[in-house]
Amino acid sequence: MRVIMNGLAALKARTGVGHYVARLHAAMTEPVTLYPGDTTTATTRWIQKQLPRGPLSLGLDRKRPEFEVFQNLVKHVGKIAIGIHFALHCRAAGYELYHEPNFIPFATDVPTIITVHDLSVILHPEWHPLDRVRNHERHFLPAIRRAYHLISVSEQVRKELIEILGVSPQKVTAIPNGVGTEFVPLPQCAIESVRARLGLPHRYFLCVGNIEPRKNLLTVLRAFADLPRHLQAKCPLVVVGPWGWRSEPEREFLSAHPKNVILLGYTSAQDLPALYGGAEALLYPSFYEGFGLPPVEALACGTQVLSTRNCSAVREVLGHHGIYLEAKDLSGWRREMKRIAERSASQIVLTKEAISHARRYSWSKSAEQTLNLYRRLLGSTSNSLPLRTAA
């Protein structure tokens, strides 16, 4: 079985897709080539480091329009070069199947599987930069039609692919994401060690995710700011995640209400289990998700999760083990935060059933299901899969 997976997303600071690539590949029990591999990883990393700084090296002012134009041009040229190298590498090595885990595949004649994490760019383009929306319109939708098979990370996304994009049910398989084995209820000493190192209070609410329109952090910020001051001080709000696109409303709100909100920014994945474990609750007000890793990771650590009814995929994953509110229900979020902050115990202890439910999602299970899909597709004909252009 000669299969290649695009691993470029795992080379940079890892968010959702990068973690998916790294975790899924590491859990595979059969050899699957991860591109670019050892021979070209160093070169690829060097290119990625140079691209954002290219305009600066020519003395262009970051604030001038020419900076962005040149920066985008260099990135575009870099992507073309990597795409050409990938296609040549696939042809030379004779791969039978290509797995693209990051929405838009390279152009190649190798039969292609695409992992679709969500359809937010298609369903809600207002949540994304214009260039990303245009890129999806030009490349993602045609790639979906041409791909040999699709993987969705939840039954909800599979349903959306079938009902909204008209994908044949036989062409898409739902394989849920996994939860790392490190996401377990930790001893208090391990939690206290991370808490002390990061300078966190003994009690806190936690939000995890990029700060961008889809994540709806502003609702939680407003609800938290409406809590009585003594409750804000008793149980501050800790925000983990980098600033994203169109985060100006959150920046402006925080500049006006800075007290008792702690911004940790992008945080090491090694600290996440302790951050979850030390929190009174994970607040996850997102408008839309394809799966929602932070809620199930928090649940696995024994932490209560507050999310939204809007997120069908999160409700699919958590089941009855989450507390669900309307996304913009300020009074509802404030009421639940007030209830949690006022309780005398420092943290609710979830039932073993809730933690066991979260443990159902494992990367080893996801990897085995993915390998089984490879085997099924490669065995679907006596000789080889039909050649198709991925994009």
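The values are calculated or read from the model by the stated rules, or taken from the named source; none is laboratory data. This structure is a prediction, so every number in the text was calculated from the model and none was measured. Neighbour counts are summed over all protein chains in view; Cβ atoms, including those assigned to glycine, are modelled from backbone coordinates with ideal geometry. Surface accessibility is based on the protein's heavy atoms, side chains included, excluding ligands, DNA and RNA. Shrake-Rupley method; radii C 1.70, N 1.55, O 1.52, S 1.80 Å.
To the nearest 10, the accessible area of Arg132 is 100 Å² with a 1.4 Å probe. For the Cα trace of the chain, dividing Rg by the Kirkwood Rh returns an Rg/Rh value of 0.98. For segment 101-155, the spread of Cα coordinates along the three principal axes comes to 33, 26, 15 Å, biggest extent given first.
Listed peptides 279-288, 69-78, 169-178 appear in the order 279-288, 169-178, 69-78 once ranked by packing, highest mean of other Cβ atoms within 10 Å at the front. Looking at segment 116-187, which GluC sites (Glu not before Pro) are in a loop (DSSP not H, G, I, E or B) and have at most 15 other Cβ atoms within 10 Å? Passing sites in segment 116-187 are Glu182. Using the alpha carbons alone, the radius of gyration of segment 127-278 stands to its Kirkwood radius in an Rg to Rh ratio of 1.07. Once the Cα atoms of helix 65-93 and of the chain are each reduced to a long axis, what angle between those two axes, in degrees from 0 to 90 to the nearest 10, is obtained? Its long axis makes an angle of about 50 degrees.
Using Cβ point charges alone (K and R +1, D and E -1), the dipole size of the chain about the Cα centre works out to roughly 280 debye.
Thr112 contributes an accessible area of around 0 Å² to the protein surface, as traced by a 1.4 Å probe with all chains present. Considering only Ser152, Pro228, Gly18, the residue lying farthest towards the positive end of the dipole of the chain is Pro228, judged by Cα position with unit charges set on Cβ. Every Cα-Cα pair of segment 301-353 was included, and the share exceeding 18 Å stands at 38 percent.
Over the chain, what relative contact order in percent results from Cα pairs under 8 Å that are six or more residues apart?
Working: 660 pairs, mean separation 75.8, N = 391.
Relative contact order of the chain: 19 percent.
Other residues within the sphere of radius under 13 Å centred on the Cβ of Glu126, judged by their own Cβ, net out at +2 (K and R +1, D and E -1).
The smallest convex shape that holds all Cα atoms of segment 124-198, its convex hull, gives 165 Å³ per residue. Its DSSP H runs of at least 4 residues, each contributing -39,500 (n - 2.57), put the calculated 222 nm mean residue ellipticity of the chain at -13000 deg cm²/dmol, to the nearest 500.
Quick one: dipole size for segment 228-334, taken about the Cα centre, charges +1 on Lys/Arg Cβ and -1 on Asp/Glu Cβ, in debye to the nearest 20.
Numbers: 9 positive and 10 negative charges, 69 e Å.
The dipole of segment 228-334 has a size of about 340 debye.
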